[in-house]
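Beneath this line is the structure, given in structure tokens, with notes to follow.
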Amino acid sequence: MYEKFVAFTLTLDDLGKSIDKTQQSYHAALNQLSVGNGNLVDQAIKMKQLGLKSSKEIPSKILSLQTEN
């Protein structure tokens, strides 16, 4: 039973590391989307302001990244 418990805790630790790595990658992707001159969010907003017709809206979570950076 002890061996199984240790194996389980090692697997759980690996899972935690994978979740952390995934979260880091997610935040890096969001930064690429919304940070810097000419970022994609700014470009999309400018296209909409210039009259682009679309029934879809940029999610508020993505727009809020603009005010954070």
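Just so you know, all these numbers are worked out from the coordinates, no wet-lab data involved. Note that the coordinates shown come from a computational prediction; the quantities given were computed from them, not determined experimentally. All Cβ positions, glycine included, derive from the backbone under ideal geometry; neighbour counts span all protein chains shown.
In straight-distance terms, cross-link reach from residue 46 covers every one of the lysines whose alpha-carbon lies under 19 Å from its own, apart from those fewer than eight places away in the same chain; here that gives 56, 61.
Loop-resident trypsin sites (Lys or Arg not before Pro) (DSSP state other than H, G, I, E or B) in the chain with no more than 12 further Cβ atoms inside 10 Å of their Cβ: 53, 56. Applying a length cut-off of 15 Å (Cα extent along the axis) and a mean Kyte-Doolittle floor of -0.5 to the DSSP H helices of the chain leaves 2-34. The tail of the calculated P(r) for the chain, taken as Cα-Cα distances beyond 20 Å, holds 52 percent of the pairs. In this simple spin-label model, placing a label point 7 Å from the Cα along the Cα-to-Cβ direction at both residue 24 and residue 60 gives a separation of 3.2 nm. The GluC sites (Glu not before Pro) of the chain that meet both conditions, a loop assignment by DSSP and at most 12 other Cβ atoms within 10 Å of the site Cβ, are 57.
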